[in-house]
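These notes are about the structure you will find just below.
The values are calculated or read from the model by the stated rules, or taken from the named source; none is laboratory data. Computed from a predicted structure; not experimentally measured. Every residue, glycine as well, gets a Cβ built from its backbone with ideal geometry; the counts of neighbours run over all protein chains shown. Side chains included, ligands, DNA and RNA excluded: accessible areas come from the protein's heavy atoms. Shrake-Rupley method; radii C 1.70, N 1.55, O 1.52, S 1.80 Å.
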Amino acid sequence: YLEHGLNIDYWWMDAGWYGDAADTHWNHTGTWEVDRRPHRFPNGIRAVSDHAHSKGVKTILWFEPERVYPGTWLATEHPEWIFGGEKGGLFNLGDPEAWNWLVNHIDKIITDEGIDLYRQDYNINPLGYWQRNDTEADRQGITENKCVMGYLAYWDELLRRHPGMLIDSCASGGRRNDLETMRRSIPLWRSDHIFEPVAHQGQTYGLSMWLPVNGTGYSPSNTVGWGFGTGKLTYDPYIRRSNMCPTNTSFYDFRIETDDTFIQKFYQEWLTVGPNYYGDYYPLTAHTFSEEAWVAWQFNRPEKGEGFVQIFRRKESSLYGGLFQLKGLDADAEYEIRDFDQPTTTRMTGKALMEQGLDIKIETMPGAVVIHYTKVK
């Protein structure tokens, strides 16, 4: 990645780094020890972290402590901590003894292995476990309450022990983005419905109203699902721009030939507009999943005199272009406007941009443009 000019912030290590020689399937969570076999991590994950840190790159490591698979260490050694016992099930974060073990054990892994960002997944439905544990009708909800309190306290304690560390909340892709969770974390993987462009346009459109920090992935090898490495690479500007958002996870396999010109163009485009995702957000069209529509939005930072617009023409739209009235600009100021697909810039006043609007034409079906604007000093 670094040799190809992508200065990644984090090297992401997801499920499957744990277990022993007898059981290493990623789904078999409950033995939270690094797989130190010669072909895996003989020197621990610390070796990867140290190498990344030497390059100015931080590390992410995936955990799923609440789901316990039968036959793993937790199910075998401490079935009393599991709703479901030795058969596996839901880890009881409402049990003080279990809670203390988990905090100390995971904290030790984070420290010993040099992890910078803690990622927690949650691929289990807890409600049935909680309800079955509250056998009396007037006690329904007590177990749930204790487990949720333990879950939040667990994260609070990790953050106390690791000041400045980020937590990434996943939960089968965006299924735990409640208020209290988001007070403590960010969703770097906002949905398991990935790569498909219209879906990601909808995700950015809606989530931007609530969560300034959210993320997804981009892969040129598959645009609709989890089948990475299908052998057919599609470098499509429309797909790439549909997946642009505040945090992007790249699925480039540089062990094979890649289109580095394409990769750099859109990487630099994202670096230029990216800080504006944290500005004021304005939808410029109605939301729809219709392939006959156009969809557009604007992010604006008035304190910086800067912002950008993303506009999408979907694959069945018969409209060739339109006017898009911008929001929140300084009416008396002049703005320099850059279309990333054009060689030159233009200038318009804030008043004209807000009243007359940007005149946008997209010839391809589908197609997308990104417009960056800055106030002229």
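When the residues of the range 68-83 are filtered to those that are out of contact with any His (no Cβ under 8 Å at 6 or more places or on another chain) and buried (at least 19 other Cβ atoms within 10 Å of the Cβ), which remaining residue is nearest to Trp26 (Cα to Cα)? Across the range 68-83, the extreme among qualifying residues is Val68. Scanning the range 230-264 for residues that are over 20 Å from Leu188 (Cα atoms), touching a residue at least 24 places away in the same chain (Cβ under 8 Å) and assigned to a helix (DSSP H, G or I) yields Pro237, Tyr238, Asp260, Phe262, Ile263, Gln264. Within the range 150-198, being under 21 Å from Thr249 (Cα atoms), open to solvent by 20 Å² or more (accessible area, probe 1.4 Å) and of a type in the set (Asp, Glu) holds for Asp192, Glu196. For the range 53-63, the criterion of a residue being open to solvent by 70 Å² or more (accessible area, probe 1.4 Å), closer than 22 Å to Thr249 by Cβ and part of a strand (DSSP E or B) is satisfied by at least one position.
No other residue among Arg46, Arg40 is open to solvent by 60 Å² or more (accessible area, probe 1.4 Å), at pLDDT below 95 and among the charged types (D, E, K, R) apart from Arg40. Inside the range 95-129, residues that are buried (at least 20 other Cβ atoms within 10 Å of the Cβ) and among the basic types (Lys, Arg) make up a count of 1. The residues listed here are Ile337, Ile362; of these, the one that is within 25 Å of Thr288 (Cβ to Cβ) and among the β-branched types (Val, Ile, Thr) is Ile362.
Counting only helices (runs of 4 or more DSSP H) that sit completely within the range 75-184, those holding 2 or more residues that are modelled with pLDDT of 95 or more and hydroxyl-bearing (Ser, Thr, Tyr) correspond to 142-161.
Each row is one residue, and each column tells you yes or no for (1) modelled with pLDDT of 95 or more; (2) in a loop (DSSP other than H, G, I, E, B); (3) open to solvent by 80 Å² or more (accessible area, probe 1.4 Å); (4) out of contact with any Ser or Thr (no Cβ under 6 Å at 6 or more places or on another chain).
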residue	(1), (2), (3), (4)
Glu303	yes, yes, yes, yes
Phe308	yes, no, no, yes
Phe312	yes, no, no, yes
Leu326	yes, yes, no, yes
Leu329	yes, yes, no, yes
Asp332	yes, yes, yes, yes
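Of all residues in the range 4-23, those satisfying the criterion of being more than 16 Å from Asp116 (Cβ to Cβ), assigned to a loop (DSSP other than H, G, I, E, B) and open to solvent by 50 Å² or more (accessible area, probe 1.4 Å) are His4, Ala21, Ala22.
Residues in the range 266-275 include none that are open to solvent by 60 Å² or more (accessible area, probe 1.4 Å) and in a loop (DSSP other than H, G, I, E, B).
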